Each structure stands twice: as structure tokens, then as C-alpha cells.
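The values are calculated or read from the model by the stated rules, or taken from the named source; none is laboratory data. Quick caveat, the model's predicted, so the values are computed rather than measured. Counting neighbours? That spans all protein chains shown, and the Cβs are built from the backbone with ideal geometry, glycine included.
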There are 4 protein chains.
Amino acid sequence: MTRQELLAELARLSDEDLAVALQAGRAREKARQRGTYFLHHFLQERRVEGEDGRAVITIPVSDLVMNPGGMVHGGITALLCDNAMGMASYMEKRRPGVTVEMTVRYHRPGRGDRLVASGEVLSAGALLNSARCEVRDEDGTLVATATGTFYHRQSR
Amino acid sequence: MTRQELLAELARLSDEDLAVALQAGRAREKARQRGTYFLHHFLQERRVEGEDGRAVITIPVSDLVMNPGGMVHGGITALLCDNAMGMASYMEKRRPGVTVEMTVRYHRPGRGDRLVASGEVLSAGALLNSARCEVRDEDGTLVATATGTFYHRQSR
Amino acid sequence: MTRQELLAELARLSDEDLAVALQAGRAREKARQRGTYFLHHFLQERRVEGEDGRAVITIPVSDLVMNPGGMVHGGITALLCDNAMGMASYMEKRRPGVTVEMTVRYHRPGRGDRLVASGEVLSAGALLNSARCEVRDEDGTLVATATGTFYHRQSR
Amino acid sequence: MTRQELLAELARLSDEDLAVALQAGRAREKARQRGTYFLHHFLQERRVEGEDGRAVITIPVSDLVMNPGGMVHGGITALLCDNAMGMASYMEKRRPGVTVEMTVRYHRPGRGDRLVASGEVLSAGALLNSARCEVRDEDGTLVATATGTFYHRQSR
């Protein structure tokens, strides 16, 4: 599509859909400019805390992250857990790592205005960290918990 | 923002960012019109198979689903697994269910053109199903595996 | 084997092996007499606490529960976690349940004189409970953690 | 207790309890003599197959491994899964490893004459293997499934 066609198609959208379009376009622009990644900006993740072995991440709850049942999609909750635990593990090791595996447990539907995921390292080895995470809504209701293993290759 | 302001902001984006904006705006429009949900359309999920106790879901791999390391974000892989297993479980029970928990294991970076998630029910009870899932890229490389429990309330 | 043959074979064992033989024979006798089960007595499990949604179980560490590497066998640690979480879940529901699944993470080798497994219910539903467990040695070192799902059929 | 006291106590047991006592005493003797471990002999594990990345282990089902509900204790099933996956991982790496974590899912009660646990490596890395396991009874009924991560330190 040419730029003109793209703009013409956009102009046909409703106001609300247009707002989502702008949110997505800007998220991609930011990711590109800052060398970060799209989903971080599009989901409007905020890192509200981050020290040795701990990290807290929040996202607003909107219809962009809902499943057909009107609650936050379990995959988005899993993404949040992965990010909070992965960042906690990074904060402990201070070098990049990858997720080996994670288990996510869903306790209550994710609803309300925002979700808060608190990750912490449970046990740290030379290469492998175990972490856990709690996801709560803004009332403090426990929405999900997760545990996972993170592998941090030896720095050379 | 007014509609004019939204369009003015959009007009400032690059062509590629504009294309992503349109993809998001249209996904939201479809979700609204069809009573489905945003992420399904935005991630361009395709259900390529679906019979009793089995389901296959694919998504294209693009920079929209990447993590900072340039591979598919583990949370998106988890979302795919949740969807493929949840749909397989629905196909077996023929009534709505929820994810109780899932474990996702990451074997190889998700790269290439698309990911294919194949879910199947391993064991079916009156209310609880166990399912498993394999995620492969288009070359057949095993990217991730998952297992999970799905709860389907008795229909009345 | 006749009783005489059994006793003759036993008489050939060393003193230490004989002590284990007696521990096993008595455990089976107790299980039979009390309608409980063999492993509980043989592993010398002690329930040191047990209230709503919580349970603590200890076992002595001896060569009976070791793996070839000279630390407590991961399967025995898993059994402890299953028991502590299952009992915690029972304490919350006050009706029998079964383990749907559990994840056990091994942090440090299980050594020393005894292991202490502390289980608690994380989230309680009508039929399903989520529980977690920590296993520590007598110095408080975190040996393992576990999470699991327990299903308690409706009482009628 | 002196040897005489041990034998006197043993002589008070019923025939069936005496048989269990002998099984335990002999298992300890074998473990000692062969440098293996007690539970392997006491549970009468048989390795019926074992090649690159695969392993099959069986145990007889007796009241020694039952839980209070008259089915195989979930902890014993977990121990079997740990052994079958751990051995499969060893068969792939050919050097010792440890279990990082495992998830066990219980599908049907373990009953009948014996359980067969079949482990295989799903994905092999330089240091970490992912394995899975199926546990079936002698009729082929799926009793449990498991997945796990195994860490094999670099040999030097």
C-alpha cells in the first residue's frame, strides 16, 4: 500500500479504533528509535521498581489485552510474568539471560484498571536462577502466580 | 484527542509505522464487529485445523512479536500455547473452559516466517483436561513445548 | 518363603541392614493396624503443624532416602511436597482431594539431619486449590520449592 | 538395639510384614555392596531399555508404594518420572546431571501390577536438556506424564 492508501484506510476507522492505531504506530516508532521492542511500548509496560533480584512491572488493562471472556488473556499474563521474573533474574546476575521454562497459575480473572507483576529471584546459581512472580490487580487480588528458570550464560 | 488530532499525529509516522498502525486499527475494528478479541486479529492468528481434542494455530513472525533479543517474545509463545491447548480442550469438551495453569518450555529461539502451535488433549476428565502443545517454526524446528490444565465447568 | 526361611535370611544380614529391615517391617505393621500407609511410617514423617490451609511435614534424612549422589532423592523431595501441599489443601477444604499436577524445583542438595516441608494454600476455589511448598533443611537452607493444583470433589 | 533384640523384635512380626522387612534389609545390603542406592533396590526398579536419549523404568505396584487411597503415591510416581527422565538425559549426555525442576501431571490412579515410565529427551543443549515422561500401567492406561529440565555440568 502507498502512504496515501494507508492514510485513506486509516481515515475510515472509528475514533476509538484510530486511537488504538496511533498507540500501535507510536509504539513501533519508539521501539525503532530506542532499540527496544514493540510489545513493551504497545502494552504500556511500566517498570516501577527494580533492584537486586527483584522487579515490578505494571500494565494498564484495556480491551487490547482481553480474551473473548472479557478478562486479561492468559498469554498476556504469562508475558508479564516472564518479563517480571526475567528482569528480576537480570537484576541479580547483571548479565543477559533467557527463559528456560515457566509455570503460570491462574487464580482469578485479570480485570480492573491495571495489573502489577512482582518478580523475585528465589535461588541463584552460577548459571541458573529460579524466580517467582505474583500478579495482582490494583485492589491487591491475586490474579496469577508463576515460577520459572532463567539461564545466564557465563560472561567472558 | 480529537479525530483531527489523531489523524495529524498518524500522518507524522513513517510508512512502516503507519502500516502497523493500520493493522492495529483494523484488528480492533474486526474484534468489535465480530465480538471476538483484539489480539487474535492483531497477531493474525490462523486456525488451520481443529477437530476433537486437537487444534493448530499459526502466527506470522514479525517485529511486532519480537523481544529485545530479536526472537519471538516468550510471552507470545506462551499465548500461542495457551490458545492451541485451550482450543484443543474446547474441541474435546464442546463447552467453554479456563486455563488452570500451564508450563511452557523454551527450546530454540522462535525465528523465521511463522510459528505453528499444535495442541492436543492428553487426558480428559469430567471437568478437567490435560493438554500439551508443540510450537515449531516453518522448518519444523521445535521452538517450545507446553503442558496445561483446563477446567470446563459442568453445563447445566 | 516360609516363616522359618524368612527369619533365616534375616539372620544373615548385618546389624545395620537388620535395623532397616525392622524399620520396614514395623512400618508395614503400623500401616496395616492403623489403616494408614506404609511410606508414611517407613519415611518417619512427622506432621508438626496443621491448621486451615497450612501444613508442615518433616522427615529424617538417612541413607534410605538418598540418591546415588549422596543427597536426598528428588522423588522423595517431591513426595514430601505432594504430602505437605495435599495436607494444606485438605486443611482448607476439609474433604479429600487428589493432586492434579505439581511442579518441583530443586535449589540445593537435600542433606543434613532432616527436611522440613511447609505447604500452604495460595488460592482456593470451589473445587480446585492452588498450593505452594518450601522444603528446607534444619539450617533453614532452601532445598526445593513446589507448586501444585489439588482437586476436591464436591461432597454430597 | 543389640542384634539379639533386633531379631527378637523381627520374630514378633506377621509373615507378610516379615517379608517386607527382608525386602528392605536386602535392598540396603545390595545398595551398600554395589555402591548404588537403597530406594532403587527396595522399589525393585527394573531398567528395561536404555539408549541414546531414552530410558524405560518399571516398578511393581504393591502396598509399599500406595497412598491412603489405595493407589500409587504421587510422590512415587514423581520419583519414577525423575528417574526415567534423568536416565534418558544421562543417556543423551553421557555425563552425570541433576534435576533442575520437573512438572508431573496425574491422569489416572496408578493401580494394577506394575508401572512403566518411559522417558525421552525432547531437546538437548550444551548444558541443559528438556525431557518428558509417560507413566502407564500394564494395560497401557496413561497414569501420569511429566516434563523436566536436567543440568549436566561441562566435563573438564
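Would you pick out the residues in the range B:24-46 that are facing another protein chain (nearest Cβ under 7 Å) and not aromatic (F, W, Y)? Give the steps one after another, and end with the answer.
As a first pass, look at the range B:24-46 and keep what is facing another protein chain (nearest Cβ under 7 Å): B:24-25, B:28-29, B:36-39.
Hits for the range B:24-46 are B:A24, B:G25, B:R28, B:E29, B:T36, B:L39.
For the range C:1-112, which fully contained helices (runs of 4 or more DSSP H) count at least 3 residues that are out of contact with any helix residue (DSSP H, G or I) (no Cβ under 6 Å at 6 or more places or on another chain) and modelled with pLDDT of 95 or more?
The qualifying helices (runs of 4 or more DSSP H) are C:3-11, C:15-34, C:74-93.
Given the structure, is A:V104 buried (at least 19 other Cβ atoms within 10 Å of the Cβ) and within 14 Å of chain B (Cβ to nearest Cβ)?
Here the answer is yes, as A:V104 does meet what is asked.
Specify which of the listed residues (D:I59, D:I76) is more than 22 Å from B:E101 (Cα to Cα), in contact with a strand residue (DSSP E or B) (Cβ under 7 Å, 6 or more places away or on another chain) and of a type in the set (A, V, I, L, M).
D:I59
Which of the residues spanning the range B:128-145 are of a type in the set (G, A, S) and within 15 Å of the chain's Cα centre (by Cα)?
Listed by number, the list holds a single entry, B:A144.
With without any contact (Cβ under 8 Å) to a residue 40 or more places away in the chain, within 11 Å of the chain's Cα centre (by Cα) and in the same structural domain as B:A144 (by TED's automatic domain parsing) as the only criterion, which of B:G125, B:G86, B:G75 stands out?
On the way: B:G125 fails: within 11 Å of the chain's Cα centre (by Cα); B:G86 fails: without any contact (Cβ under 8 Å) to a residue 40 or more places away in the chain.
Just a single option satisfies the conditions, and that option is B:G75.
Being in contact with a strand residue (DSSP E or B) (Cβ under 8 Å, 6 or more places away or on another chain) and not hydroxyl-bearing (S, T, Y), is that true of even one residue in the range A:5-18?
no
One residue is enough: does the range D:108-115 have a residue meeting the conditions under 24 Å from C:L43 (Cα atoms) and either among the β-branched types (V, I, T) or in the same structural domain as D:D17 (by TED's automatic domain parsing) (or both)?
no
Those residues that are more than 23 Å from D:E101 (Cα to Cα) and touching a residue at least 12 places away in the same chain (Cβ under 8 Å), I need them from the range B:92-109; list them, please.
B:E92, B:K93, B:R95, B:P96, B:G97, B:V98
Could you please let me know if A:A24 is farther than 30 Å from B:V98 by Cα and among the hydrophobic types (A, V, I, L, M, F, W, C)? Full working, then the answer.
Numbers: farther than 30 Å from B:V98 by Cα: no; among the hydrophobic types (A, V, I, L, M, F, W, C): yes.
For A:A24, the condition - farther than 30 Å from B:V98 by Cα and among the hydrophobic types (A, V, I, L, M, F, W, C) - is not met.
Within the range C:1-59, how many residues are out of contact with any Asp or Glu (no Cβ under 9 Å at 6 or more places or on another chain), among the polar types (S, T, N, Q) and over 13 Å from D:L7 (Cα atoms)?
3
State all residues of the range A:8-23 that are under 12 Å from B:L18 (Cβ atoms) and more than 7 Å from every other protein chain (Cβ to nearest Cβ); if no residue qualifies, say none.
The one that is under 12 Å from B:L18 (Cβ atoms) and more than 7 Å from every other protein chain (Cβ to nearest Cβ): A:A8.
Can you find, within the range C:128-156, the residue that is nearest to the other protein chains (Cβ to nearest Cβ) among those that are part of a loop (DSSP other than H, G, I, E, B), touching a Lys or Arg at 6+ places or on another chain (Cβ under 7 Å) and not β-branched (V, I, T)? Outline the logic, then answer.
Narrowing the range C:128-156 to residues part of a loop (DSSP other than H, G, I, E, B): C:138-141, C:152-156.
Next, from what is left, pick out any that are touching a Lys or Arg at 6+ places or on another chain (Cβ under 7 Å): C:138, C:141, C:152, C:155.
This time we only want the ones that are not β-branched (V, I, T), so: C:138, C:152, C:155.
Working: C:E138: 18, C:H152: 12, C:S155: 15 Å.
Once the filter is applied, the top-ranked residue is C:H152.
Looking at the range C:113-127, which of its residues are not polar (S, T, N, Q) and not in a loop (DSSP other than H, G, I, E, B)?
C:R114, C:L115, C:V116, C:A117, C:G119, C:E120, C:V121, C:L122, C:A124
Taking C:G148, is it more than 12 Å from the chain's Cα centre (by Cα), of a type outside the set (D, E, K, R) and farther than 26 Å from D:V65 by Cβ?
It is false that C:G148 is more than 12 Å from the chain's Cα centre (by Cα), of a type outside the set (D, E, K, R) and farther than 26 Å from D:V65 by Cβ.
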